[in-house]
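A short write-up of the structure that comes next.
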Amino acid sequence: MFALSDLTLREKILQTMVIRGDKDCFVHENVGGIFFGGEIITEPNDMGIDRARKILERYIENAKIPILITSDFENGCGSMFQGLTPMPYLMGLGAADSEELAYNYGLATALEARSIGANWTLSPVSDLNLNPRNPLVGIRSIGDDPDHAVRLLRQVVRGMQENGLAACAKHFPGDGLDYRDQHIVTTNNTLPFEQWKEKSGRIFQELIDAGVYSIMAGHITLPDYQKEVFGNGMKLPATLSFELITNLLKGEMGFDGVVVTDALGMGGFLGWYPTRRRSEVEAFKAGCDMMLWPTANYLGDMTEAIEYGYIPVERLDDAVSRILRMKEKLGLFDKDNHATVLSGQDQAFIRKTQQETAKRSVTLIRDKAGIFPVTLMRYKKIAIIPISHYKPAYEEAELLCEEFRSRGFEVDIYKDGLPISQESNLETMIDQYDLVIYALFSRGFRPIGFIDYMGNEAEKIAHSLNYAVEKTIVVSFGSPYFGEQYFERALTYVNAYSMLSPSVEAFVQAAVGEESFGTFSPVHLK
């Protein structure tokens, strides 16, 4: 364990930095943390697991002070690294509604993360998705009920932290109410403070009490709590707010772990001060302990701010003490701090957790037409119409077809939608089939912005229920709210929350009666 007195000013400031790990370049100074892998708004890193493990091992070996190696392992490590195992999104776990499975979800993530040398995950998402139109949280959230969310999130955190992976509850003070995305603009948690304490605030307080090691500050305001007015009469986002981070989170709520900012290049963080460089210093002054992806000038700017007394050295010492304590809790000061090896038993457990989460999350919302189970005697010929802005989703649509074909059904897929401009042709086409399945695929940030369907995809929906509604299934492999937004008149509707192959397979298994549908919705629907 390093004492603060062992560190120079430069070394202390470096500890407050989380920088991007480049696959071909190594860090020459001992920063506090390195973010490695894909990103939530991009695809998984494709460098290969063996190469990733070797690169991370080199970071570990070259660090004078043990280093935090992190990524956004929100829904399993496969969401960040190709070759590892992606899990269904947290809302699927919420639908499964099992504390044992929630613990295993965290454990499976920890096992794979540690197998490549990572020791910190910027997850779980701890927001309540209280606005169906919120484009950032959605299926990344457990759900919208605080009792349900707390019960499962505590187990996810336990599964991670009892197995060597530091968890990070995000995004304080709670996303999921605004209809906008903090990647683009600063967003607001508009709950009255007393309601906030019962909803968003309760989630974070319960996870603090359960010992979560870190919390991510979002580019989000909590206007009913904040008194300070900035510039044009607006309230500062949490990443820049002394009131929210130092007074509320660390003071009133008693959090003594590490506060890390959300990414500092996001639109919700930018523009509050004349330059991003100034904003980064202000974020640290406000109480954030680690900066996620600061600019190259951060080290020099912070040195100047400390030396000229703009930021008290006590603020820096407090931040570094929190960072070193987290590293000590993780056992990073032990000599044998290296990547672990996944046994065959571990790999089987991870795969089983993935499949079990997928199976238990497929939720039957309604079947007023009495379609299920889908049998060959009633529905020999099936038309599948996939709808998505995200083109890789059509690979999963092909899997959906193959799953039905493997059971003897005749299946045609209409990737370009239906001939909606010629309604007579549409009616004739649908008459050829015994069953029509609209497969909705959606994923946050694909593209960045709203999650609504538009353009060609919206046109596919326009006449979707004009004919044969009694032999139509709508299944959402993504947002659970599409049923109300687009398919209120659908007689048969299913939520599956994820476009992963195991979720597609689980839907078909339930549809044909090989498995049971779940009946618990993690969000309130009409």
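The values are calculated or read from the model by the stated rules, or taken from the named source; none is laboratory data. None of these values were measured; they are calculated from a predicted model. These area figures cover heavy atoms from the full protein model, side chains too; ligands, DNA and RNA do not enter into them. Shrake-Rupley method; radii C 1.70, N 1.55, O 1.52, S 1.80 Å.
In the frame of its principal axes, segment 446-526 has Cα extents of 36, 33, 25 Å, reported largest first. For segment 39-111, relative contact order (Cα pairs under 8 Å, six or more residues apart, normalised by length) works out to 30 percent. For segment 350-400, the square roots of the Cα gyration tensor eigenvalues, ordered a ≥ b ≥ c, give a/c of at least 1.5 with a/b no greater than b/c, which places it in the oblate category. Computed from backbone phi with θ = phi - 60° and the Karplus coefficients 6.51, -1.76 and 1.60, the 3J(HN,Hα) list for segment 286-291 is 5, x, 6, 8, 10, 9 Hz; x is used for glycine and proline.
In plain terms, the chain from Lys352 to Asp46 could stretch by 107.8 nm, reckoned as 0.36 nm per residue minus the Cα-Cα distance. Calculated on the Cα set of segment 431-486, radius of gyration then Dmax: 12.4, 38 Å.
Tell me whether segment 386-526 comes out rounded, prolate or oblate; compute the Cα gyration tensor, take square roots of the eigenvalues as a ≥ b ≥ c, and use a/c under 1.5 as the rounded threshold. In terms of gyration-tensor shape, rounded.
Both radii were evaluated on the Cα set of segment 189-250; the Rg over Rh quotient, with Rh as the Kirkwood radius, amounts to 0.97. Accessible surface of segment 21-117, 1.4 Å probe: 45 percent of it comes from carbon and sulfur atoms. Database remark: amide H of Tyr433 closer than 5 angstrom to no amide H (H placed geometrically; neighbours at sequence offset of 5 or more, or on other chains; Pro and chain starts carry no H). Ordered from highest to lowest accessible area with the whole protein assembly present and a 1.4 Å probe, His338, His524, His463 read as His524, His338, His463. For segment 238-334, the C-alpha radius of gyration divided by 2.2 N^0.38 Å, with N the number of residues, is 1.08. Summed over the residues of segment 85-241 and divided among them, the accessible surface reaches 27 Å² per residue at a probe radius of 1.4 Å. For the chain, the mean residue ellipticity at 222 nm estimated from helices alone is -10500 deg cm²/dmol, where every DSSP H run of n ≥ 4 contributes -39500 (n - 2.57) and the total is divided by all residues, rounded to the nearest 500. Annotation for segment 128-189 versus segment 429-474: alpha-carbon center distance of 28 Å.
With contacts taken as Cα pairs under 8 Å at a separation of at least 6 residues, segment 383-526 carries a relative contact order of 25 percent. If the chain linking Glu514 and Glu194 were pulled fully straight, counting 0.36 nm for each residue of separation and taking away their Cα-Cα distance, it would gain 110.5 nm. Put Glu356, Glu307 in order of accessible area, highest first, and with a 1.4 Å probe you get Glu307, Glu356. For the chain, averaging the sequence separation of C-alpha pairs within contact (under 8 Å, six or more residues apart) and dividing by the residue count gives a relative contact order of 16 percent.
Straightening the chain between Leu525 and Met253 buys 94.7 nm, computed as 0.36 nm per residue apart minus the Cα-Cα spacing. The alpha-carbon atoms of the chain, seen along their principal axes, cover 78, 56, 38 angstrom, with the largest extent given first. Derived scalar couplings between HN and Hα for segment 366-374 equal 6, 9, 5, 8, x, 6, 7, x, 7 Hz in order, rounded to whole Hz, by the Karplus curve 6.51 cos²θ - 1.76 cosθ + 1.60 (θ = phi - 60°), x for Gly and Pro. Rounded, prolate or oblate for segment 1-118? Axes are the square roots of the Cα gyration tensor eigenvalues, ordered a ≥ b ≥ c, and the cut-off for rounded is a/c under 1.5. Note, shape of segment 1-118 comes out prolate. Pairs exceeding 18 Å between alpha-carbon atoms, taken from Lys381/Lys471; Lys12/Lys64; Lys197/Lys250; Lys359/Lys391; Lys415/Lys460: Lys359/Lys391. Cα-Cα pairs above 26 Å in segment 84-223: how many percent? Summing the P(r) of segment 84-223 above 26 Å gives 19 percent of all pairs.
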